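The structure under discussion appears below in the form of structure tokens.
The values are calculated or read from the model by the stated rules, or taken from the named source; none is laboratory data. Just so it is clear, the structure is predicted and the values come from calculations on it, not from any experiment. All Cβ positions, even for glycine, are placed from backbone atoms using ideal geometry, and neighbour counts span all protein chains on display.
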Amino acid sequence: MNCFGRHLLTGFCGIIGMLALSLTAQAQDRCSTAMARGTYAVACRGDADLGMGDAGLLPAVALGTVFIDGEGNVLSGTLNVSVGGVSSTIAVTGGSGVVNPDCTGEVDLVFGDIASGRVPGVILNQGATIQAFAPIPGVTAICTLTRISLD
């Protein structure tokens with residue numbers, strides 16, 4: 001996979017981790033890392049710019065799951081990513097993040113030997129839903145994480 005593809009995949013994975021860590025709210029006015037526990041379904045959609053104007057935009061999507069321990073750690077996950085119709089599977093091998101009392105946060109994810117960098121996000125619906133975006137040059141994508149179980 002070329003460097004651009006690795007950065008795009010890293011971005012999607014980072015988004016997923018952020019969403020997963022930014023989790024739950026106690027009345028939606030106060031969040032904590034301890035509330036972020038469970039398995040989350042991840043869905044991302046966006047575009048990747050290959051630097052060729054409009055002809056260089058490729059659709060990019062990612063679907064998968066991540067598991068968060070509620071102590072600020074993303075423990076595992078798998079993402080199926082497609083950029084311009086070229087698909088690959090990425091394993092999330094770790095990550096850590098912070099959750100702010102105002103329900104915003106950031107996460108750093110690890111995919112094998114690739115780190116995502118800081119991925120920002122926000123918690124909605126008492127942690128049932130998390131929204132985040134890819135802070136990667138050339139990539140515009142938003143991800144939604146939906147909690148599917150507490151284990």
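Could you run through the range 105-151 and say how many residues are surrounded by fewer than 19 Cβ atoms within 10 Å (Cβ to Cβ), in contact with a Gly (Cβ under 7 Å, 6 or more places away or on another chain) and either without any contact (Cβ under 8 Å) to a residue 60 or more places away in the chain or not in a loop (DSSP other than H, G, I, E, B) (or both)?
Looking only at that region, the number is 4.
Yes or no: Ser87 more than 14 Å from Leu145 (Cβ to Cβ), at pLDDT 90 or above and loosely packed, with under 15 Cβ neighbours inside 10 Å?
Taking the combined requirement at face value, the residue satisfies it.
Quick check on my filter: what residues within the range 91-104 are aliphatic (A, V, I, L, M), buried (at least 16 other Cβ atoms within 10 Å of the Cβ) and over 12 Å from the mean Cα position of the chain (by Cα)?
Val99
Filter the range 112-151 for residues that are at pLDDT 90 or above, hydroxyl-bearing (Ser, Thr, Tyr) and over 9 Å from the mean Cα position of the chain (by Cα) and give the result.
Within the range 112-151, Thr146, Ser149 meet the criteria.
Has the range 6-22 got at least one residue that is closer than 20 Å to Arg118 by Cα, assigned to a loop (DSSP other than H, G, I, E, B) and modelled with pLDDT under 70?
yes
Right, Arg45: of a type in the set (Lys, Arg) and more than 12 Å from the chain's Cα centre (by Cα) or not?
Numbers: of a type in the set (Lys, Arg): yes; more than 12 Å from the chain's Cα centre (by Cα): no.
Spelling it out, it is not the case that Arg45 is of a type in the set (Lys, Arg) and more than 12 Å from the chain's Cα centre (by Cα).
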